[in-house]
Amino acid sequence: MPYSKIVARNIMDENPPYCDLETPVADIWYRFAKENLSGLLVVDEEKRLFGVITETDLIEQEGNLHVPTVVALFDMVIPMGESRFEEELSNMQAIKASNLIHGQVTTVNADSGLDEIASVMIDMHVHHLPVLDGDSIVGLICKHDVIKALVECRENSES
């Protein structure tokens, strides 16, 4: 298929992973690890899109945890800031999917061309693009999907 004929519906994941707004962050971490995810759609009960959680979001959230410092004095180890660590850990365990999403969600429609998809990813600095048909989520495209499509185009043009 020529490059100009490729549209979102040709390269998207038609069954994108998603969670609801109240999903605990621990469950999200687990899913990313066990399902080898790089992005997760956040939806409400009616499957309306509210955001996308990425690996970067999780790592940034984890980076906010300040591990306590310890001081070794003679044969003793004295923890410093342990109560702050415990408080932050408790706060992190209460975080839900709704706390990790931010701002407007960048999307494309099912008939968006590959050139538009690539441009949106570059211009908006996003790695995951939900694909909508009207207000309905019909898929998800990540940068890897775009790369695979480009490689297939090149292979087909060389044949």
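The values are calculated or read from the model by the stated rules, or taken from the named source; none is laboratory data. Computed from a predicted model, the values in this text were never measured in an experiment. As a convention, Cβ positions derive from the backbone with ideal geometry for all residues, glycine included, and neighbour counts pool all protein chains shown.
The C-beta contact set for region 5-25 (first residue crowded, with 19+ Cβ neighbours inside 10 Å, second residue in a loop (DSSP other than H, G, I, E, B) and among the aliphatic types (A, V, I, L, M), distance under 6 angstrom, 6+ apart or interchain) comprises Ala8/Ala110; Val25/Ile95.
Among residues of region 125-137 that are without any contact (Cβ under 8 Å) to a residue 12 or more places away in the chain, those with a beta-carbon under 9 Å from a residue that is surrounded by 13 or more Cβ atoms within 10 Å (Cβ to Cβ) and in a strand (DSSP E or B) at least six positions away or on a different chain give the pairs Gly134/Asn109. Taking the numbered list (1) out of contact with any strand residue (DSSP E or B) (no Cβ under 8 Å at 6 or more places or on another chain); (2) surrounded by 11 or more Cβ atoms within 10 Å (Cβ to Cβ); (3) modelled with pLDDT of 95 or more in turn, Val120 passes all entries but (1).
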